[in-house]
Amino acid sequence: MSNRVIDSLAGFFGDIGRARAASALYNDLAGLSDQALEARGLSRADLPRYAFDKAFTRR
């Protein structure tokens, strides 16, 4: 296999892992009360973007 194919597969599986992490974070945060979210500087409407950004934005 060429390096390009291997790199593509690695990227694909990496994205799956990041998507699973985003989903888990979203579910954890969605279970919090509005007051607990507010204490973290979040609203319920922020959760999808926040979870995505945490999982897919390189630090």
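Ala21 fails exactly one of the following numbered conditions: (1) modelled with pLDDT under 95; (2) touching a helix residue (DSSP H, G or I) at 6+ places or on another chain (Cβ under 7 Å); (3) aliphatic (A, V, I, L, M). What is the number of that condition?
The number of the failed condition is (1).
Say we look at region 43-54 and pick out the residues that are touching a Leu at 6+ places or on another chain (Cβ under 7 Å) and hydrophobic (A, V, I, L, M, F, W, C); which of these is surrounded by the most Cβ atoms within 10 Å (Cβ to Cβ)?
Among residues in region 43-54 that are touching a Leu at 6+ places or on another chain (Cβ under 7 Å) and hydrophobic (A, V, I, L, M, F, W, C), the one surrounded by the most Cβ atoms within 10 Å (Cβ to Cβ) is Ala51.
What are the residues in region 9-39 that are surrounded by 12 or more Cβ atoms within 10 Å (Cβ to Cβ) and outside any helix (DSSP H, G or I), if any?
Within region 9-39, Leu32 is the sole residue that qualifies.
The values are calculated or read from the model by the stated rules, or taken from the named source; none is laboratory data. Every value quoted in this text rests on a predicted model; they were computed, and no experiment measured them. Glycine gets a Cβ as well: all are built from the backbone with ideal geometry, and neighbour counts include every protein chain shown.
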